[in-house]
Structures are given as structure tokens and as C-alpha cells.
Amino acid sequence: MAEAPPIRSYLYAPGSNPRVMEKALAAGADAVILDLEDSVAPEDKLAARGQVAAVVARASADPASRPGSGSATAELHVRVNHGPEGPDLDDVAAVTAPGLTGLRLPKIGSAEEVAAVAEALDSLEDIGGMAPGAVRLYLSIETAAAALAATELAAAPRVARLVFGATDFLADIGSPGTVDGPATALARGLLVLASRAAGIGAPVDCVHTALDDEEGLRRGAAAARELGFFGKSVIHPRQIPVVHEVFTPSADELAAARRVLDHVATHGAGATRLDGELIDAAVVARARRLVAMTEPGAR
């Protein structure tokens with residue numbers, strides 16, 4: 001599957017709260033996730049499903065109601081529930097409509113679970129008059145077993161990105177550590193390697209739950225980007241500017257990448273030197289990916 005667009009921020013909004021969902025759609029995130037899972041009380045889940053489905057339907061009928069209207073990267077996602085048999089296919093059926101671009105699948109356990117959702121989407125997209133493959137899947141990796149199965153999961157049908165659920169992961173392995181600490185390093189590395197090997201987008205970083213800790217948010221996001229992650233889940237609009245700052249290539253980074261591409265355009269694609277540095281295929285590929293984040297269709 002082709003790489004997903006370079007989304008920097010994924011803002012959660014509880015599906016049981018129409019007012020918060022509306023605010024989230026206007027908050028400026030690159031993607032809004034209408035949540036049917038953890039933020040919704042068990043007794044409210046059925047009503048929330050209907051409310052989320054209505055928001056998705058309205059986004060299809062009225063493009064101005066989409067998140068970040070006017071942005072080329074704005075996307076509308078839904079996080080569905082996970083039951084004993086895997087992702088809740090009734091949730092999937094209720095919210096799959098032309099306004100939907102992504103499904104986040106929590107507590108994912110196997111590629112077979114992903115395949116069942118992908119198969120359901122094949123039929124739902126056809127019934128709804130949607131383009132085949134319009135809805136991408138974002139898999140939450142929340143356990144040691146899921147982290148060790150990352151290679152298989154990343155290669156499953158429709159998967160756009162893996163998403164690290166650090167808090168649940170720490171609970172699963174019995175660690176008292178922090179979400180950005182050494183206890184998560186190996187799992188994070190596995191997600192990066194599996195994503196790259198499968199040819200999908202870089203994995204997405206976990207939420208930072210301390211709303212007043214801007215420096216901690218920035219530090220964690222920067223560390224994740226350095227590891228090979230791209231983008232971060234957020235739980236409040238005030239976190240969006242920091243996340244966008246970290247995951248938007250700086251002017252210096254872009255200038256250096258463009259110099260590499262201009263050099264290759266003039267001197268060819270073989271290994272050459274620029275300012276004393278060897279410019280080989282890996283350096284060129286990295287420069288192209290960096291420029292493509294802000295300039296779709298770049299060389």
C-alpha cells in the first residue's frame with residue numbers, strides 16, 4: 001500500500017460529546033479522530049456510534065464541515081471498539097461513508113483481525129459509492145505480542161501506519177517507566193523497522209497526557225521523530241502547535257534537502273560530493289522524503 005499522507009497531528013474527540021467533536025473539527029489538526037472506544041462510557045457507546053456516523057455523513061454532504069477545511073492533509077478518522085472477536089465490525093459498518101478517510105483499530109492482536117476489517121471495507125465502500133481503498137487503517141500497538149508481530153501487522157491489507165500505545169504497552173510489560181523512557185525503546189524501534197520494511201508510512205507517536213507540560217510534549221515528540229516516527233496523537237487542541245512545530249521540517253532542513261536534489265539533478269544520481277559530504281542514494285532518498293512532506297509531487 002502506498003504511504004499515507006504526512007499527518008503531523010491526530011486529535012481525539014469523544015464520540016459521545018457532539019460539542020467537543022465540533023470544536024475538534026475546527027481546531028486545526030491534520031486529522032481528527034472521533035472516538036468510540038476509551039473516551040466513551042459503556043452505556044453511551046450505542047448513542048455515540050450514531051452521533052459519530054452523523055458527523056461523518058455531514059462531512060461528506062458538506063465539505064466545509066470537514067476538519068481543517070481547506071487543508072490538503074485534513075482527514076477524518078474514527079477509532080472503533082475492540083471486542084473478543086477483534087475490531088467491532090458494527091462500528092465499522094456504521095461509520096464507513098464518503099466522509100471517512102481512516103479507521104484507528106485499538107488493541108489489535110493479529111493480521112487476521114485486520115484482514116476482517118479490510119474485507120468488510122471492500123463491501124462497504126462499494127455499497128457507499130466510495131473509491132476502493134478510500135479508508136486506510138491505523139493499528140494501535142499496545143502489547144508486547146503486538147510489537148513482536150509488527151512486521152506481519154504492517155504488511156496487512158489497507159494498513160497506512162502503526163500507532164504506538166505506550167501507556168498500555170507499559171502496563172502490559174509491567175514496567176513503571178515513562179512513555180518516552182527506555183522501557184519503550186525496543187518496541188518503538190520494532191515499529192519503525194516494520195513500517196519501513198512494509199513500505200508504509202512512519203509510525204505515529206503516543207499521546208502526552210500532561211496537558212500543561214509543553215516542554216515534555218516537545219521533548220517526547222522530538223525524540224520520537226529522531227527515532228523515525230512521524231506525527232503524534234493529541235488529546236487537546238493546545239497540543240497541536242507544538243506537535244506541528246516538531247514534525248514540520250525546518251527551513252534549514254528543507255534548504256539542505258533541496259540543495260541535495262538540485263545537485264543530483266545537475267550531476268546525476270551516482271555517488272558524488274557536495275560540500276565535502278558524500279551524496280549517495282540513501283541521502284537522496286531522505287532528501288526526497290523530507291521535501292515531499294511540504295511539497296507534494298516534489299522530485
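The values are calculated or read from the model by the stated rules, or taken from the named source; none is laboratory data. The structure displayed is predicted, hence computed values, not measured ones. Backbone-built Cβ (ideal geometry, glycine too); neighbour counts: all protein chains shown.
Numbers for the structure displayed
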read-out: Answer from 240, 200 - the residue that is assigned to a helix (DSSP H, G or I), surrounded by 18 or more Cβ atoms within 10 Å (Cβ to Cβ) and β-branched (Val, Ile, Thr); value: 240
read-out: Selection within region 206-237 - assigned to a loop (DSSP other than H, G, I, E, B), touching a residue at least 12 places away in the same chain (Cβ under 8 Å) and either touching a strand residue (DSSP E or B) at 6+ places or on another chain (Cβ under 7 Å) or hydrophobic (A, V, I, L, M, F, W, C) (or both); value: 206, 207, 211, 229, 230, 231, 235
read-out: So residue 35, is it among the acidic types (Asp, Glu) and buried (at least 17 other Cβ atoms within 10 Å of the Cβ); value: yes
read-out: All positions within region 1-58 that are part of a strand (DSSP E or B), small (Gly, Ala, Ser) and under 20 Å from residue 91 (Cα atoms); value: 13, 31
read-out: Filter pass, residue 118 being at pLDDT 95 or above, touching a Pro at 6+ places or on another chain (Cβ under 8 Å) and not in a loop (DSSP other than H, G, I, E, B); value: yes
read-out: Residue list for region 73-87, filter: in contact with a Leu (Cβ under 8 Å, 6 or more places away or on another chain) and in contact (Cβ under 8 Å) with a residue 40 or more places away in the chain; value: 76, 77, 78, 79, 80, 81, 82
read-out: Filtered residues of region 224-266 (kept if under 17 Å from the mean Cα position of the chain (by Cα) and of a type in the set (S, T, N, Q)); value: 233, 239, 248
